[in-house]
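Visitor: Encoded as structure tokens, here's the structure I'll be asking about.
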């Protein structure tokens, strides 16, 4: 696998080494030893989640607040999504900035989103199945988020945002300017 760093400290893309022939393909989607050696991150994933969504479904921009914060390793096994992480660590030099990556069954890329980032994705294909590993368990009381359509973020979602399908709670999340981050940037 190959690690590709982003402009956001701690966020990186993973490009797997895929072996393919006329029978199909094979690749190692996760290897703890390789992940730690290449990324320098020592985390233990404790929960795997999977969702299936249709075109135009947006899920995010979510996070789990401390002490139940989660790092995530995300990928797509069918379809295509635009996956986004937003730095919400107070005091970070990249606070409010985002990184977007196209994840698909075809490119087999993965994206690591560390604690201190809001995360979300938009389904671009007719359907998509999305998988993610988390390094802490889900705690409903620690759930938080920010608005996907915040002009201060300026995210190009690649689809008309008027047509997106969101949950009622995602429609009323605060804008970044109304938000007090529970995360502090540590150098």
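The numbers here are math on the coordinates, done by the rules we state, and not lab data. Quick caveat: nothing in here was measured; it's all calculated off a predicted structure. Reconstructed Cβ throughout: ideal geometry from the backbone, glycine too, with neighbour counts over all protein chains shown.
Visitor: For residue 68 and residue 44, FRET efficiency with R0 = 25 Å and r from the beta-carbon atoms, rounded to 0.05?
Guide: Calculated transfer efficiency: 0.95.
Visitor: Let me ask something else. Post the alpha-carbon centroid distance, segment 78-122 to segment 30-50, in whole angstrom.
Guide: 17 Å
Visitor: Can you show me the helix-derived [θ] at 222 nm for the chain, built from DSSP H runs with n ≥ 4 at -39,500 (n - 2.57) apiece and divided by the number of residues, rounded to the nearest 500.
Guide: Taking each H run of at least 4 residues, the total per residue is -1500 deg cm²/dmol.
Visitor: Here's another thing I want to ask about it. Could you tell me whether segment 8-56 comes out rounded, prolate or oblate from its Cα gyration tensor? Rule is a ≥ b ≥ c as square roots of the eigenvalues, rounded for a/c under 1.5, then prolate if a/b exceeds b/c, otherwise oblate.
Guide: Cα axes put segment 8-56 in the oblate bin.
Visitor: Please give the peptides 88-97, 53-62 ranked by average Cβ packing (other Cβ atoms within 10 Å per residue), highest first, as a rough proxy for protection.
Guide: Those peptides, ordered most packed to least, come out 53-62, 88-97.
Visitor: Out of all DSSP beta bridges with both ends in the chain, state the antiparallel percent to the nearest 5.
Guide: Bridges in the chain that DSSP calls antiparallel: roughly 95 percent.
Visitor: Got the relative contact order for the chain handy, in percent, Cα pairs under 8 Å and 6 or more residues apart?
Guide: Computed over the chain, the figure is 29 percent.
Visitor: Could you work out the relative contact order of segment 83-187? I mean the mean sequence separation of Cα pairs under 8 Å and 6+ apart, divided by the number of residues, in percent.
Guide: Normalised by residue count, the contact order of segment 83-187 is 36 percent.
Visitor: Does the chain come out rounded, prolate or oblate, given a ≥ b ≥ c as the square roots of the eigenvalues of its C-alpha gyration tensor, rounded meaning a/c under 1.5 and, failing that, prolate meaning a/b above b/c?
Guide: oblate
Visitor: Let me ask another. Mind ranking 127-136, 39-48 by how tightly packed they are, going by the mean number of other C-beta atoms within 10 angstrom, highest first?
Guide: Highest to lowest by the protection proxy: 127-136, 39-48.
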